[in-house]
Amino acid sequence: MDPGGEERTHAAAPAAASQSAGLRSTDVEVFPYLVFKEFLAALLVSIILLVWSLAIDAPLLPEADPGKTENPAKAPWYFVGLQELLVYFDPWIAGVGIPTLIIVGLAVIPYLDTTRSATGLYTFQRRRLAISQFMAGFGLWWVLIAVGQFLRGPNWQFFWPWETWTALAPEEEALWSFPWWVGLPVVCAYFGLGLAWPRRRWRILYERLGPSRYYAVMTLMLLMYAIPIKILLRLMFHVRYVLMTPWFNI
Amino acid sequence: MRMMRGTPGMRWTFAILSPLFLLTVAYAVYVESNRPWQDLQEQFKQLYIERVTKLLQEAESQKAATEQTRWKRVRDELARTQPTLAQLYIEELKVVDRCTTCHQAVENPLFEKDPHPFRTHPAALLKQHELNRFGCTPCHDGQGLATTVEGAHGRSANWPTPLLPSAYLQATCARCHEVTQGLAGAELVSKGDDVFMAGGCYGCHDVPGVSYLPKYSPPLSVLKTKLSDPASYIFTVAKDPTRANPDAAMPQFSLTDEEAGKIAAFLMSLPSEPATESVDLSAVSATDGERLYKERGCRGCHSVKVGEAGVSPRVPNLAFIGSKVTAGWLDRWLKDPKAYNADTAMPRIELTDPERLAIVAYLVTLKRTEPLDKAPDLSRFDPNDGKTLVKNYECFGCHAIPGFEQSRPAVPDLSEFARKPVDELDFANTTDVPRTKWDWLRRKLVDPRAYNTDRIALKMPRSKLTDEETQALVVRVLGFAKPALPARYTVAAGTDRRALHTMRWMIDHLNCRGCHKLDGKAAHVAQFYERKNMVPPSLDGVGGRLQGQYTYNFLLKPQQVRPWLTMRMPTFGFSEPQAQTLVDGLATAARVSNPYTATALAAADQPRLEKGRRRFRHYKCAQCHPTKADAPIPEGVDPDDVSINLVPTKTRLRPEWIKDFLAKPKELVGPDTRMPTVFYTVDGTPKVDHPDEDILAITAYMMNMADMPEPAAGAEEAPPSAGEKAVDWSNMQY
């Protein structure tokens, strides 16, 4: 029995159900093809978790003592990404501003992505932009968590896993900030170009979304990408703030 | 059903993942149900059966029926046992210890020589600290609940009390025993306590029970008239104490020239005391002085040779004393050391004026050959900078310094070190020190500045310590804590133990070991004498030998007991409470009580006293022991045979000691005694007919004797038993 042939048969079957879902010749059914894959993924993750739990014991942290702050003090793993952001942003931005933006951004997705053409189809081709941008943000989040959880030692210093933690006071990094007359144009240019250029480059995008959705989507994306850009500026060029104003610094 | 199949890739992946998942689950179940301790228990069971079988065979070959039944029963019981988790639960201590799950032989005497974990616990300790009452972790630390090797030994990260290595285990004795001196099995922690006190650690580190101690070192208020070249001397010593005196007890502060100069400038700026008068040494000779120096026992404590140790590093080496101090000061010092420094350990030696001057004349000839470091011009330093440094390095911890009378060193409090978690210790930049408290301490003692960083400059100086002293100190400091266990477990020190503790400190402080044998270690001065009776008596067991009241009186006002000695007990100027502490301490060390002496032994009826008198004469005790008050040293007697006057016995010796001593002299005071064994041979066979009766009679007689028993006129008394010859000790072979 030829499995490939089976698939073809399957996909080409002139069944009423298939036709009503608008299947094309290369499409396959959710069941069993997607469900099977999901089941396999669940199996794999179960194995990984089992091996992990066998190999590594739950860590024993120091005895709780109200008179003593642990060092490093780490948030629960799912918040460590936020904690990691504190290195690069002022507390209210890292702790309040960015999480709010994330929640708002996630909450407005149904209102921004109103395409019906891909409903019920689980494929990358129809949603290249949506899926890739979501995965970029999601990946960034996991990278931040991994760095915070595994690579930060006492005083939130960076250590590779093979380095031993020493409780040295961190060396004061010499940081500098853009003066406002540089920072303001840079920020304006980033948002201005970021909004205008894709509109010219991918006209279809603008046409499909319409002006209000286009600007909302692009603003959220630009804000999201501003985070890794700021991190790289800090890591590579020791920039503390890009824009300093009397009210906030970013 | 066909539609369930998916693609071949999916099915292949499923074919791999599915059994893998099953295997992983099975492995997890296996791992969780087969704990490492079960294997160990099985190993132990085999070992135990093997051993019992061997014992059974031995019993069979010897036809010992009871033994056979016994071992057979043990073996049968063993064969039936299944691996089970063993656990000690001590509610009072909140202790749950599963150590005996693996350490199965703890209470089993058959495994004394086996390697861990199947070794018998030292039985004597366990007898006093029953498992069911104490558990394991209260002494050993570790994680009692854990059942893996790493976990149970507390080596997992963040477990606050990892298992103490046996080298440091004695630290835990001090958790319950307030005073460890004299406890069998706590020798190391006791030694650590002695080192802590004798080394002057208490100068800076406040621990319970040291607040009454005087300053460890001489006052710095009166240096200018004491030293012949004060500026250079202070400068040199501050920089490196061993430059001025290679055996200096002062630890190394590693100061720079600049700092040493500032400190010298400060000390030189202190108000001057009245100058000491210069003395005229023209009438005396240094040779006489040297003879007196030796005769009067100065060398019991001091040394006049570079590199030759005195009794303790704290006693100044006098090799360069002539360059260090002025003759006038030496004279004043010898006249009455306490007048100069009330806290000094130096006693007053009874000397006539010419004798004293002769010794001064001798000492001033002891000059250094190479000059001291020249002090820089002190006028360029601000004395206030020096004062800041003195404050920073806390010199006032050990020295009395004007302006710092009320200062207490701000140093880490060690009194709760036992409870300090290891993550509160600063390992700084070190990478080679294992992250344990004991390794931290050891390095700290060996190299006190090892944990220096750019921001934290440590100031603890480096002391000269042997490896053993370092280890003992580590053990002692690891054990510093107020008792945390319930009161029922702690052994608070009573007056007697406290007295013992203080006495041990006083003995080190006052350098009693210079002239007296102690802890089985010969007196320092003994090395200079071939004749053993020229060395003052041993302090080992002295509390059991002398009556408390006698010792007390003697300490307050020493009297001559051994007229043949050239050395005299000097005047230490004990206060009455101090004398009492010493007497009580000596009694505790000898396990006797004060002030009671066994008067029953002394009470005797006339016939027994008479018998004692006759035996006393018969055994010719007086041949070596003077028995008249103020009797001169007998002439024509081998000087080695001269022994102590027995007239003061009834107020001096404890009768129970006399009794024991007469029976077994060598066992009681060591093989060096020249006291013959009269009544028993070394292996305990009686040498005379009724040894115990004779001993009791002589003891009773001595406790009542007033003076030499006059020989009955002309008549030689009948020997105590027929055929016994009269004894003559003058030809005795030793």
Given bins 10 angstrom wide, list per bin the percent of all Cα-Cα distances in the protein assembly as shown, short to long. 2, 7, 12, 13, 14, 13, 11, 8, 6, 5, 4, 2, 1, 0, 0, 0
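Averaged across the residues of A:35-42, what count of C-beta atoms belonging to other chains lies within 10 Å of each residue's C-beta?
Mean shielding count: 4.
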Using a 10 angstrom cutoff on alpha carbons, build the Gaussian network for chain A and name the most mobile of A:P62, A:P99, A:P110. A:P62
Efficiency of FRET between B:R380 and B:V210 - r from beta-carbon atoms, R0 35 angstrom, step 0.05: 0.30
Suppose R0 equals 56 Å; then what is the FRET efficiency for B:Y596 and B:S285 from their Cβ-Cβ distance, rounded to the nearest 0.05? 0.60
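Hey, can you list the DSSP H helices of chain B whose Cα span along the axis is 30 Å or longer and whose average Kyte-Doolittle score is at least 1.0?
Working: long enough: B:8-33 (38 Å, 1.04); B:36-61 (38 Å, -0.93).
Length and hydropathy pass: B:8-33.
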Residues of region B:383-405 with amide N under 17 Å of the 7 Å Cα→Cβ point at B:A342: B:399-405
Can you spot the lysines whose alpha carbon is less than 17 Å from B:K63's alpha carbon? Ignore those fewer than 8 places along the same chain. B:K54, B:K72
Rounded to whole Å and sorted largest first, what semi-axes of the equivalent ellipsoid does the C-alpha gyration tensor of region B:1-157 yield via the square root of 5 times each eigenvalue? 45, 25, 12
Of the candidates A:A73, A:Q83, A:S117, the farthest towards the positive dipole end of region A:56-177 (Lys/Arg Cβ +1, Asp/Glu Cβ -1, centred on the Cα centre) is A:S117
Can you list the chymotrypsin sites (Phe, Trp or Tyr not before Pro) in region B:122-213 that are in a DSSP coil and have 12 or fewer other beta carbons within 10 angstrom? B:Y212
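State which entries of B:K338/B:K464; B:K191/B:K338; B:K437/B:K464; B:K191/B:K464; B:K191/B:K666; B:K521/B:K664 exceed 18 angstrom in Cα-Cα distance in the structure shown. Please list the in-between numbers first.
Numbers: B:K338/B:K464 28 Å; B:K191/B:K338 29 Å; B:K437/B:K464 21 Å; B:K191/B:K464 16 Å; B:K191/B:K666 27 Å; B:K521/B:K664 21 Å.
Too far apart for the 18 Å limit: B:K338/B:K464; B:K191/B:K338; B:K437/B:K464; B:K191/B:K666; B:K521/B:K664.
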Find the percent of Cα-Cα distances in chain A that exceed 32 Å, and round it to a whole number. 45
Quick one: Cα centre-to-centre distance for region A:90-152 and region A:36-69, in angstrom? 25
When ranked by the protection proxy of mean other Cβ atoms within 10 Å per residue, highest first, what sequence do the peptides B:559-569, B:501-511, A:213-223 form? B:501-511, A:213-223, B:559-569
To the nearest 20 debye, region B:36-146 has a Cα-centred charge dipole, built from +1 on Lys and Arg Cβ and -1 on Asp and Glu Cβ, of 280
Once the in-chain neighbours fewer than 8 apart are removed, the lysines whose Cα is under 19 Å from B:K94 read B:K482
Can you give the convex hull volume per residue for the Cα atoms of region A:18-82, as a whole number of Å³? 176
State, to one decimal in nm, how far the label point of B:D683 lies from the label point of B:L85, with both points 7 Å from Cα in the Cβ direction. 5.8
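Residues of B:190-203, mean number of Cβ from any other protein chain within 10 Å of their own Cβ, rounded to a whole number?
Mean inter-chain Cβ contacts per residue within 10 Å come to 0.
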Would you order A:E84, B:E60 from fewest to most other beta-carbon atoms within 10 Å of each residue's own beta-carbon? B:E60, A:E84
Hey, any idea what the orientation-averaged projected area of the convex hull of chain B's Cα atoms comes to, in nm²? 52.4
Cα-Cα separations in region B:313-363 greater than 12 Å, expressed as whole percent: 66
Viscosity 1.567 mPa s, 4 °C: Kirkwood-radius Stokes-Einstein D of region B:514-660 over Cα pairs, µm²/s: 77
When you count, for each residue, the other Cβ atoms within 10 Å and take the mean per peptide, how do B:115-126, B:136-147, B:668-679 rank with the highest first? B:136-147, B:668-679, B:115-126
Listed residues B:N341, B:A487, B:V95: farthest to the positive end of the dipole of chain B (Cβ charges): B:V95
What ranking do A:Y111, A:Y225 get, fewest neighbouring Cβ atoms within 10 angstrom at the top? A:Y111, A:Y225
Considering only A:D113, A:D27, A:D90, give the residue with the highest GNM mean-square fluctuation for chain A, with springs between Cα atoms whenever their separation is below 10 Å. A:D27
Förster-model FRET efficiency, 56 Å R0, B:F554 and B:S228, C-beta, rounded to 0.05: 0.90
Find the eigenvalues of the gyration tensor of the Cα atoms of region B:495-589, then list the square roots of 5 times those eigenvalues as equivalent ellipsoid semi-axes, largest first, in whole angstrom. 22, 15, 12
Given C-alpha coordinates of region B:223-397, what is the ratio Rg to Rh with the Kirkwood estimate of Rh? 0.98
Treating only the Cβ of Lys, Arg, Asp and Glu as charged (+1, +1, -1, -1), what charge dipole size does region A:80-237 show about its Cα centre? Round to the nearest 20 debye. 1160
Distance in nm between pseudo-label sites at B:T566 and A:L61 (7 Å out along the Cβ direction from Cα): 7.5
So if each residue of separation counts as 0.36 nm, and I subtract the Cα-Cα distance between B:L458 and B:T66, what length gain in nm does that give? 134.3 nm
Projecting each Cα onto the charge dipole of chain B (Lys/Arg +1, Asp/Glu -1 at the beta carbon, about the Cα centre), which of B:T551, B:H121, B:M10 comes out farthest on the positive side? B:M10
Which lysines does A:K74 reach when only Cα atoms under 20 Å apart count, and residues fewer than 8 places away in its own chain are ignored? none
With +1 on the Cβ of every Lys and Arg and -1 on the Cβ of every Asp and Glu, the dipole magnitude of chain B about its Cα centre, in debye rounded to the nearest 20, is 1500
Would you please put A:185-193, B:177-185 in order of how densely packed they are, using the mean number of other Cβ atoms within 10 angstrom per residue and starting with the highest? B:177-185, A:185-193
Sticking with the crude label model, points 7 Å out along Cα→Cβ, report the distance from B:K113 to B:L78 in nm, one decimal please. 1.8
With Cα atoms, 0 to 90° folded angle of helix A:203-237 axis to chain A main axis: 40
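Coordinate-derived values only; no laboratory data. Since we're looking at a predicted model, the values are computed, not measured. Note that we place each Cβ from the backbone using ideal geometry, even for glycine, and neighbour counts take in every protein chain shown.
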